[in-house]
1. Quick one: which of A:THR350, A:THR329 is out of contact with any Lys or Arg (no Cβ under 7 Å at 6 or more places or on another chain) and surrounded by fewer than 19 Cβ atoms within 10 Å (Cβ to Cβ)?
2. Scanning for something among the small types (Gly, Ala, Ser) and farther than 21 Å from A:TYR351 by Cα, does the stretch A:379-399 turn up at least one residue?
3. Exactly one condition in (1) surrounded by fewer than 18 Cβ atoms within 10 Å (Cβ to Cβ); (2) assigned to a loop (DSSP other than H, G, I, E, B) is false for A:VAL344; which is it?
4. Here is a check on your reading of the model: is A:ASP151 assigned by TED's automatic domain parsing to the domain that holds A:ALA349 and within 28 Å of A:ASP347 (Cα to Cα)?
5. Filter the stretch B:402-416 for residues that are at negative phi, over 14 Å from the mean Cα position of the chain (by Cα) and not β-branched (Val, Ile, Thr) and give the result.
6. Taking the condition crowded, with 16+ Cβ neighbours inside 10 Å and in the same structural domain as A:ASP394 (by TED's automatic domain parsing), does A:VAL134 pass?
7. From B:GLY460, B:GLY443, B:GLY495, B:GLY453, which residue is touching a helix residue (DSSP H, G or I) at 6+ places or on another chain (Cβ under 6 Å) and assigned by TED's automatic domain parsing to the domain that holds B:ASN181?
8. Tell me yes or no: at least one residue of the stretch A:160-182 is over 24 Å from the mean Cα position of the chain (by Cα) and over 19 Å from A:LEU408 (Cα atoms).
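The values are calculated or read from the model by the stated rules, or taken from the named source; none is laboratory data. None of these values were measured; they are calculated from a predicted model. As a convention, Cβ positions derive from the backbone with ideal geometry for all residues, glycine included, and neighbour counts pool all protein chains shown.
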Number of protein chains: 2
Amino acid sequence: MTSTYERFIEKWRTIHNLREVQELVDWDQQVMMPPLGTEQKGFQQAALAGVVHSMLTDPEMGELIEELSLRGDLDLYQRANLREAKREWEKETKIPARLVEERARAVALAQGSWLEARKNNDFSAFAPFLEKVVAITREMAEAVGGGNPYDVLIDDFEPGMTENVLKEVFSTLKGRLVELNDKIKGGSHPPTQEPVTRFFPRERQEALCVFLAKEMGYDFNAGRLDVSAHPFTSGTGRDVRITTRYDERFLNTALFGVMHEVGHALYEQGLDPDRYRDPSGQACSLGIHESQSRLWENLIGRSRAFWVHYYPELKRFFPGVLDDVDLDTFYGAINVSRPSLIRVEADEATYNLHIIMRFEIESDLMAGRLKVGDLPAAWNAKSRELLGIEPEEDANGVLQDVHWSAGLIGYFPTYALGNLFSAQFMEAARRDLPDIEERLEKGDLISLRKWLGENIHFYGRLYLAEDLCEKVTGKKPSGDALMSSLEGKYSEIYGF
Amino acid sequence: MTSTYERFIEKWRTIHNLREVQELVDWDQQVMMPPLGTEQKGFQQAALAGVVHSMLTDPEMGELIEELSLRGDLDLYQRANLREAKREWEKETKIPARLVEERARAVALAQGSWLEARKNNDFSAFAPFLEKVVAITREMAEAVGGGNPYDVLIDDFEPGMTENVLKEVFSTLKGRLVELNDKIKGGSHPPTQEPVTRFFPRERQEALCVFLAKEMGYDFNAGRLDVSAHPFTSGTGRDVRITTRYDERFLNTALFGVMHEVGHALYEQGLDPDRYRDPSGQACSLGIHESQSRLWENLIGRSRAFWVHYYPELKRFFPGVLDDVDLDTFYGAINVSRPSLIRVEADEATYNLHIIMRFEIESDLMAGRLKVGDLPAAWNAKSRELLGIEPEEDANGVLQDVHWSAGLIGYFPTYALGNLFSAQFMEAARRDLPDIEERLEKGDLISLRKWLGENIHFYGRLYLAEDLCEKVTGKKPSGDALMSSLEGKYSEIYGF
């Protein structure tokens, strides 16, 4: 190996090290920082962002990438590192510094305005700020070039994915989801959520979460569990931290929240330890990341097989609380489905409709078919169309999510992709481990974790998400596996 | 103000922001990091160190400093910023990168070897590694230039201080301390430490520490208290965190440990909020920093006046435990003095002898009057001479401190300087606040905190330590105030 490649990879590893620091600073802000520390955190993050940006746009980086691009002797991993580095370097160098700064300012103002607007239920006060963010975001996408600006944005979160692919996948999915939800509404024996709304003391919930995380294979020597307002996973390799929040009157919040975050964390802990600092050694995409969290949260955590073993265990953490609740009643209670206004509270059967709605709106917005001022009306119409309900105020409608004010356009689709990938992966796991159901019923979670590790985690970003999906499952991404999983589960629970 | 100065100060503020991040990463390692995270922390710190180094040695920085040095229109603060920036920039640019890397490697090896050597009580295994560190440290000092290499090293920690000044101050101090300790040994009514070795439950100690920290004026909205193996203070401005450790069988550990760290923290929280990111807005020197921690720990925390008000408060935190112990017995118990081998466990009357011993050895080592191989013999002889006792093994002698293996030569003197400054400052506070004794007896700690804030904290590094000392106290640094404080206290407690 010549020194050009070594110099190249060393630079990217240094960038990775600094990104770990950026993530740590953010974790600290959300979990540990004293209240008055906000301003200094802003200075710290700005300094780090400036450093990473100048490393990425350093002329030597361009020279190294160009030189390596002409080489025919790179191996599979080296080629993947070059591909991923190039993607990022091109974006970073094509976007003028002026635009990066303008965007940072616009986003800061829009986020402040969004908080106010949501509180006052006043979309019109927020609209001019959002218009500015949308305009700058479009300008950035155009600076990067390559046709459809929305494709450029999606590519930031889901490398290789396009609007057209999503349109096709989501349009089939939409029809089947609306149909499923109609059947759920007419189910002959809807379950009750009452059992999980009893009193579950916080310290017992905490113990349960730690127990389950360990059972799933989360390594507490390479991680920790803390509390934060918005649960998240932070870090990679041998330092992957998760957070949660507790609601003593609603078991699901922490229980499924932690299973979700542990799903993310197992992915990060499972990356190839020799490559996690390389451009192609990191997690594949947001969609694949979300597939790991959703798989554990929904396909395992909300499955009957899982609770055959773990329901008696759970009861031991809350003596007496669930004595009168049998396995099937509990299984029903954690799978209650009803259309609701708020995405983050949505259940498995309705969640993807929230995403498809946002995708369709974003797509229209970026193509200029929709103006910012028309967002509330478009939102309410879509909500009625897909979920059958309409927010009585914008605070619970178009103003509910932080994403657009933060300039995150093209991000929402990765949530639905995650759900869809998770079902496809689970189908493939069943193919490779025919007795997986019995293993789960015996409390063996490690077989599945191992399968995920070998088939997904270890590869990192060696393949694009779509290719990884096809390699593992033999199929392109589609809603089929997800729909048959949902249809099977809900027909049984709701009786239709 | 022209843009040259603005560009200059903006660069230094960015460096400061990154140094806050370095401190945060270190805090995280010592307080929060999961056990397997060590290697990644090393990568993170190396990346940050590289970034800061290249910012400091960036050619533009030299140009800005040169241009500003020719200007006659800078105000007091701007001149101080330039002076401090220049000092650091000169050192950083004069030391070749090769030497920085060699030193990093040598220190890493020496620290590993030191840990082993201390465990195995085997100085000879450590000696070659220490020799390497000493040689490189000398080479670095010579690269910076300016005469006496030991002066160059001292200047890193105590800008402006020299070996000659220290020699003069310490030689007087040494004689008086040896004499004091002889008198203490012959005291007619030595106190007993028994009361503070009773059982003090950890959670009650924690509550006491939080209570006292607040009474001292520590702002928990701009800080937090955690546990770590080695207590320390981290951060600046509006995010200043302290740590401690608890010993349920020895009250002093956490009680005086926290008062010590809060002393440091009040300094950082008390810096001028408009200037703490500037080169001259930061803490003055390690000696001045230590003066703040020692003042609160010893001159307040181990004073009778303080406990007149706070002893009844303390008793309330530990119901029944100290019922039979009156104020004077308690006051004696926290002021027991006896020569001991380990510096970090030494009391107020013997502590500075540990420092003077190390200073004399370092001075001989750097001047070539002493070889590394002769350190154990020199150590034991000095210990006998100053403390009247001699370690039975090197693990409790020359191998006890981490500093030399870490390349920290010229650091030890700042501990004694801190003690000496603290007594001088306290004398000045008594001059300015004649009723300070009565205020303390009433539990008013804020008057003193305010005085320290206005006379010391707020100035930051506007003046060199020696000049600040003279400005505040009207006197050059000397051991006089410290000795009269110690002699007064111990003659009363021990009866001589």
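1. Details: A:THR350 fails: surrounded by fewer than 19 Cβ atoms within 10 Å (Cβ to Cβ).
Residue meeting the stated conditions: A:THR329.
2. Here is the first cut: in the stretch A:379-399, the residues among the small types (Gly, Ala, Ser) are A:381, A:383, A:388, A:395, A:397.
From the residues that got through so far, the ones that are farther than 21 Å from A:TYR351 by Cα too are none.
No, there is no match, as no residue in the stretch A:379-399 is among the small types (Gly, Ala, Ser) and farther than 21 Å from A:TYR351 by Cα.
3. Against the list (1) surrounded by fewer than 18 Cβ atoms within 10 Å (Cβ to Cβ); (2) assigned to a loop (DSSP other than H, G, I, E, B), A:VAL344 comes up short only on (2).
4. Answer is no for this residue.
5. B:TRP404, B:SER405, B:ALA406
6. no
7. Being touching a helix residue (DSSP H, G or I) at 6+ places or on another chain (Cβ under 6 Å) and assigned by TED's automatic domain parsing to the domain that holds B:ASN181 holds for just one of B:GLY460, B:GLY443, B:GLY495, B:GLY453, which is B:GLY443.
8. Scanning the stretch A:160-182, I find at least one residue that is over 24 Å from the mean Cα position of the chain (by Cα) and over 19 Å from A:LEU408 (Cα atoms), so the answer is yes.
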